[in-house]
1. Please give the net charge around Thr3, taking every other residue with its beta carbon less than 12 angstrom from that of Thr3, where Lys and Arg add +1 and Asp and Glu add -1.
2. How many Å² of accessible area per residue for region 41-106, probe 1.4 Å?
3. If amide H atoms are built 1.01 Å from N in the plane of the peptide, which residues on other chains or at least 5 residues away come under 5 Å of the amide H of Asp23?
4. Compute the length gained on full extension between Glu152 and Glu32: take 0.36 nm times their separation in residues and subtract their Cα-Cα distance, giving the result in nm to one decimal.
5. Once you place label points 7 Å from the Cα toward the Cβ at His40 and Arg144, how far apart are they in nm?
6. Say R0 is 30 Å: what FRET efficiency, to the nearest 0.05, do Asp81 and Arg11 get from their beta-carbon distance?
7. At a Förster distance of 30 Å, what's the computed FRET efficiency of Ala159 paired with Asp109, Cβ-Cβ distance as r, to 0.05?
8. What list of ³J(HN,Hα) couplings, whole Hz, do you get for region 150-163 from phi and the Karplus terms 6.51, -1.76, 1.60, once you set θ to phi - 60° and write x for glycine and proline?
Amino acid sequence: MNTVEVSTDVRVPVEEAYAFVADFPRYADYSEHLQSVTQHGSGGAGTEYELTFAWWKLTHAVRSRVTGTAEPEQIDWKLVDGIDAHGRWEVAETADGARVTFVVTYDTDSARGALDLPRLVSLDWVVDKVVNKVVEEGERVVERVVADLEGERRPVELAVEAY
């Protein structure tokens, strides 16, 4: 299993940051590669979201389920079909607002057979490319989210850890 953790600081109260990350359908407004999010449920534990991603020649839909919430500090989730992945959103108070952290733990091998790859394209090649895209996309999305939350654009710093 691999884990990636991405965090940044926002200058808003913890409750406002939590409400923002809990609004999963809104994510498609910020992402170049997330085409749509369809919500099935009220938003709390047990709610499922169908997320459709598109990049290069690939389009893939995944379904995630909220497995637990601890408002306003944490939202736990897992993918319920195909790729073995789970994670959480964490929101913690800082001196200037809130630190928002996204953690995902995934099994790359579980994607074999779950993705419909074009002929002669290896999963290893796709994984190498996607990792870089995820970091680029993460920076772009976080900048857009911070601008909406704070009311103006500013450079943001992402702390990215992979282990």
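1. Values: positive: Arg88; negative: Glu5, Asp107, Glu161.
In short, -2.
2. It amounts to 52 Å² per residue over region 41-106.
3. Placed amide hydrogens put nothing under 5 Å from Asp23.
4. 41.2 nm
5. 2.5 nm
6. FRET efficiency, Asp81 to Arg11: 0.20.
7. 0.65
8. Rounded to whole hertz, the list is 8, x, 7, 6, 7, x, 10, 9, 9, 9, 10, 10, 10, 8.
The values are calculated or read from the model by the stated rules, or taken from the named source; none is laboratory data. Everything numeric in this text was worked out from a predicted model, so none of it was measured. Using ideal geometry, Cβ is built from the backbone for each residue, glycine included, and neighbour counts are taken over all protein chains shown. Surface areas here come from the heavy atoms of the whole protein model, side chains and all, with no ligands, DNA or RNA. Shrake-Rupley method; radii C 1.70, N 1.55, O 1.52, S 1.80 Å.
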